[in-house]
Amino acid sequence: ATDISEPALAVAEKNAETHACTGQIKFLSGDLFEPIKATDPTGEIRFDWIVCNPPYVKKTEWDTLSPDVRDYEPEIALFAGDDGLAVIRRLIAEAPEYLASHGKLLFEIGGTQADTVRPLIDAEPAYCTYKLLKDYAEKERIVLASVH
């Protein structure tokens, strides 16, 4: 598990303890795949699954966020550039390097971002298939992509 937020990693470690799986997870602090690069300079580590909840909110959407999000979530966990896609673009581009053959990438997007995210995945040749899954409000909010 990687996270740029030390407090978020602490919560993740506590959750792993609660569910008795601490020995199965390594917790690394840093931005996206940077901690993995640092611990695996030869680039041999591959994952069957990469699951990510990246920041995807536009700065202009600050006023539309509910108070329970706006008042308690750190900005770094919410905002990703002017269009909300800065981290998602990096994730789509960098994840194939860390996915095993037929590996899967699963990540959340904003409720209005599906039409913008589709061409980003289409432009990355490593992905062979993908689909967008709907949330309870019937909005396409989860991307599930597979590599060759």
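General observations
- Output for the stretch 90-122, where each listed residue is over 19 Å from Leu32 (Cβ atoms) and either hydrophobic (A, V, I, L, M, F, W, C) or surrounded by 17 or more Cβ atoms within 10 Å (Cβ to Cβ) (or both): Ala114
- For the stretch 91-113, the tally of residues that are over 11 Å from the mean Cα position of the chain (by Cα) and among the aromatic types (Phe, Trp, Tyr) stands at 1.
- Leu65 being in contact with a strand residue (DSSP E or B) (Cβ under 6 Å, 6 or more places away or on another chain), modelled with pLDDT under 95 and within 24 Å of Val143 (Cα to Cα): no
- Members of the stretch 50-60 that are assigned to a strand (DSSP E or B) and either out of contact with any Lys or Arg (no Cβ under 9 Å at 6 or more places or on another chain) or not assigned by TED's automatic domain parsing to the domain that holds Leu85 (or both): Cys52, Val57
- Matching entry among Val57, Val51, Val87, Val69 (being surrounded by fewer than 15 Cβ atoms within 10 Å (Cβ to Cβ), of a type in the set (Val, Ile, Thr) and in contact (Cβ under 8 Å) with a residue 40 or more places away in the chain): Val51
- Residue match in the stretch 69-85 (condition: touching a helix residue (DSSP H, G or I) at 6+ places or on another chain (Cβ under 7 Å), assigned by TED's automatic domain parsing to the domain that holds Pro125 and closer than 18 Å to Ala145 by Cα): yes
- Checking Glu75 against (1) more than 23 Å from Asp3 (Cβ to Cβ); (2) loosely packed, with under 14 Cβ neighbours inside 10 Å; (3) within 17 Å of the chain's Cα centre (by Cα); (4) not hydrophobic (A, V, I, L, M, F, W, C), the condition it does not meet: (1)
- Near pairs, Cβ below 8 angstrom, 6+ apart or cross-chain, from the stretch 1-26 (under 25 Å from Tyr72 (Cα atoms)) to any residue that is among the hydroxyl-bearing types (Ser, Thr, Tyr): Thr2/Ser29; Asp3/Ser29; Ile4/Ser29; Glu6/Ser29; Leu9/Ser29; Glu13/Thr22; Ala16/Thr22
Here's the yes/no breakdown for (1) under 15 Å from the mean Cα position of the chain (by Cα); (2) not in a helix (DSSP H, G or I):
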residue	(1), (2)
Ala16	no, no
Lys26	no, yes
Pro41	no, yes
Trp62	no, no
Gly84	yes, yes
Arg89	yes, no
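The values are calculated or read from the model by the stated rules, or taken from the named source; none is laboratory data. Values in this document were obtained by computation on a predicted structure and should not be read as measured data. Note that each Cβ is placed from the backbone with ideal geometry, even for glycine, and that neighbours are counted across all protein chains shown.
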